[in-house]
Amino acid sequence: MTGTDFDMEAFDFELEDVQQFFKNMVQVDDFHKRPADPIVKITMNVSEKSAKKVTKRFNRTFKGELRAVASGYGAVDIIKTGIHKAWGVQTLMFKHGIKPEEVAAFGDGGNDREILELAGHSYAVANASDEIKKVARYIIQSNARDGVLNTIENILERGI
């Protein structure tokens with residue numbers, strides 16, 4: 001939108017990298033002139049220090065159908081209330097008869113809360129927010145130390 005700035009140089013990726021995951025991502029000058037596609041998610045990038053404050057303020061101001069969750073590194077996702085990672089996993093669990101104790105989930109930010117609460121085996125990386133560490137059953141090595149990869153390898157070798 002006009003007046004906003006997404007500094008691609010502040011991150012370790014190029015626009016092409018982002019478009020690999022978000023093929024239909026467009027920057028618009030006016031939401032009323034956006035493509036007719038439904039909006040699935042909106043992400044705001046703010047300073048890491050202000051992400052928690054922005055999230056709380058958004059949720060206090062816009063109670064109802066939308067919810068803000070911090071997803072790390074200053075990103076704040078605006079999502080439809082009730083639609084989150086756990087909702088998607090629950091849909092698959094129901095379809096395939098999978099029990100929570102058969103699910104492992106990993107997280108580090110506010111957008112991982114529900115899936116960590118759902119999974120029978122929930123892991124927060126060492127660099128996760130304190131809020132997420134309280135929700136997870138286990139704390140593992142940080143992302144920088146391959147905590148998730150090492151834990152997945154252990155699960156595959158020993159089972160859950």
> Do you know which residues across the stretch 101-144 are touching a helix residue (DSSP H, G or I) at 6+ places or on another chain (Cβ under 9 Å), assigned to a helix (DSSP H, G or I), open to solvent by 70 Å² or more (accessible area, probe 1.4 Å) and more than 18 Å from residue 73 (Cα to Cα)?
Replying inline: 102, 117
>> For the stretch 1-99, give me every one of the helices (runs of 4 or more DSSP H) that falls completely inside it and has 1 or more residues that are modelled with pLDDT of 75 or more.
In response: 51-61, 85-96
> Could you list, in sequence order, the residues of the stretch 82-112 that are closer than 20 Å to residue 71 by Cβ, free of Cβ contacts under 8 Å to residues at least 40 places away in the same chain and in contact with a Gly (Cβ under 7 Å, 6 or more places away or on another chain)?
Replying inline: 108
>> Quick check on residue 95: is it under 20 Å from residue 51 (Cβ atoms) and among the charged types (D, E, K, R)?
In response: no
> Name the residues in the stretch 108-141 that are at pLDDT 95 or above and among the small types (Gly, Ala, Ser), would you?
Replying inline: 119, 120, 122, 124, 126, 136
> If the Cβ limit is 8 Å and pairs must be 6+ apart or interchain, which residue in the stretch 125-151 that is closer than 19 Å to residue 51 by Cα pairs with which residue that is small (Gly, Ala, Ser) and surrounded by fewer than 14 Cβ atoms within 10 Å (Cβ to Cβ)?
Replying inline: 127/144
> Looking at 66, 92, which one is closer than 21 Å to residue 131 by Cβ, surrounded by fewer than 17 Cβ atoms within 10 Å (Cβ to Cβ), aliphatic (A, V, I, L, M) and out of contact with any His (no Cβ under 7 Å at 6 or more places or on another chain)?
Replying inline: 66
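The values are calculated or read from the model by the stated rules, or taken from the named source; none is laboratory data. Computed from a predicted structure; not experimentally measured. Heads up, the Cβs are rebuilt from the backbone with ideal geometry, glycines too, and the neighbour counts pull from every protein chain shown. Only protein heavy atoms, including side chains, enter the accessible area calculation; ligands, DNA and RNA are left aside. Shrake-Rupley method; radii C 1.70, N 1.55, O 1.52, S 1.80 Å.
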